[in-house]
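Participant: Okay, handing you the structure first.
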Amino acid sequence: MTEKTPTNKVLDAIAWGVFIVLLGASWIASSYYKIDTGIYLALGTGLILIALNLTRRVMEIRISKFSLFIGLLALALSLSGIVGYELSFIPTVIVLVGFFIVAEAIQKTIHKKPTGA
């Protein structure tokens, strides 16, 4: 399937809708309770983007490596903030880029067709 299938457009629309609801709820909670909800907004955004790509994978639609990367980055930074540990942004990005390079190499090795027979 291609990136622009109707199913993929529906998944994108659902993800955007959930994100807008999350953004509004975070804003309301921040105003009402006078707390910083940025960490929870990042956590929700990461979960939305990861769930979107998992759903694409299950439905055999090509995943978006960019949105998966952003989702993992948001998840890592928010979870570290929730547990009280401050992750540095640039080193976290470098580690995730490394993971993506390794995963891509493993995927190519696994899906490599044997030559000659």
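Participant: If you scan region 1-26, which residues turn out to be within 22 Å of residue 78 (Cα to Cα) and in contact (Cβ under 8 Å) with a residue 12 or more places away in the chain? Steps first, answer last, please.
Facilitator: Pass one, region 1-26, residues within 22 Å of residue 78 (Cα to Cα): 15-26.
Matches in region 1-26: 15, 18, 19, 22, 23, 26.
Participant: Quick check: anything in region 86-100 part of a helix (DSSP H, G or I) and under 26 Å from residue 5 (Cβ atoms)?
Facilitator: If we filter region 86-100 for residues that are part of a helix (DSSP H, G or I), which is where we start, we get 89-100.
Filter again for under 26 Å from residue 5 (Cβ atoms), leaving 100.
Yes - at least one qualifying residue is present in region 86-100.
Participant: Does any residue of region 27-41 turn out to be under 17 Å from the mean Cα position of the chain (by Cα), farther than 18 Å from residue 78 by Cα, exposed (fewer than 14 other Cβ atoms within 10 Å of the Cβ) and hydrophobic (A, V, I, L, M, F, W, C)? Give the steps one after another, and end with the answer.
Facilitator: The first filter runs over region 27-41 and keeps only residues under 17 Å from the mean Cα position of the chain (by Cα), leaving 38-41.
Retained after the next criterion (residues that are farther than 18 Å from residue 78 by Cα): none.
The answer is no; no qualifying residue exists.
Participant: Check off (1) over 27 Å from residue 92 (Cα atoms); (2) aliphatic (A, V, I, L, M); (3) assigned to a helix (DSSP H, G or I); (4) touching a residue at least 12 places away in the same chain (Cβ under 8 Å) for residue 61 and give me the number that stays unchecked.
Facilitator: (3)
Results for (1) in contact with a helix residue (DSSP H, G or I) (Cβ under 8 Å, 6 or more places away or on another chain); (2) modelled with pLDDT of 95 or more; (3) under 20 Å from residue 82 (Cα atoms), shown as yes or no for each residue.
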| position | (1), (2), (3) |
| --- | --- |
| 16 | no, yes, no |
| 32 | no, no, no |
| 35 | yes, no, yes |
| 52 | yes, yes, no |
| 55 | yes, yes, no |
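Participant: I would also like to ask the following. Suppose the filter is of a type in the set (Gly, Ala, Ser), over 13 Å from the mean Cα position of the chain (by Cα) and assigned to a helix (DSSP H, G or I); does residue 67 pass it?
Facilitator: Values: of a type in the set (Gly, Ala, Ser): yes; over 13 Å from the mean Cα position of the chain (by Cα): no; assigned to a helix (DSSP H, G or I): yes.
So residue 67 fails the test.
Participant: Can you find, within region 76-90, the residue that is surrounded by the most Cβ atoms within 10 Å (Cβ to Cβ) among those that are among the hydrophobic types (A, V, I, L, M, F, W, C) and without any contact (Cβ under 8 Å) to a residue 40 or more places away in the chain?
Facilitator: So in region 76-90, the residues among the hydrophobic types (A, V, I, L, M, F, W, C) come out as 76-77, 79, 82-83, 87, 89-90.
Remaining after also requiring without any contact (Cβ under 8 Å) to a residue 40 or more places away in the chain: 76-77, 79, 83, 87, 89-90.
Numbers: 76: 17, 77: 20, 79: 15, 83: 7, 87: 14, 89: 10, 90: 7.
If we take residues in region 76-90 being among the hydrophobic types (A, V, I, L, M, F, W, C) and without any contact (Cβ under 8 Å) to a residue 40 or more places away in the chain, then 77 is surrounded by the most Cβ atoms within 10 Å (Cβ to Cβ).
The values are calculated or read from the model by the stated rules, or taken from the named source; none is laboratory data. All of these numbers come straight from a predicted model, not from anything done at the bench. All Cβ positions, glycine included, derive from the backbone under ideal geometry; neighbour counts span all protein chains shown.
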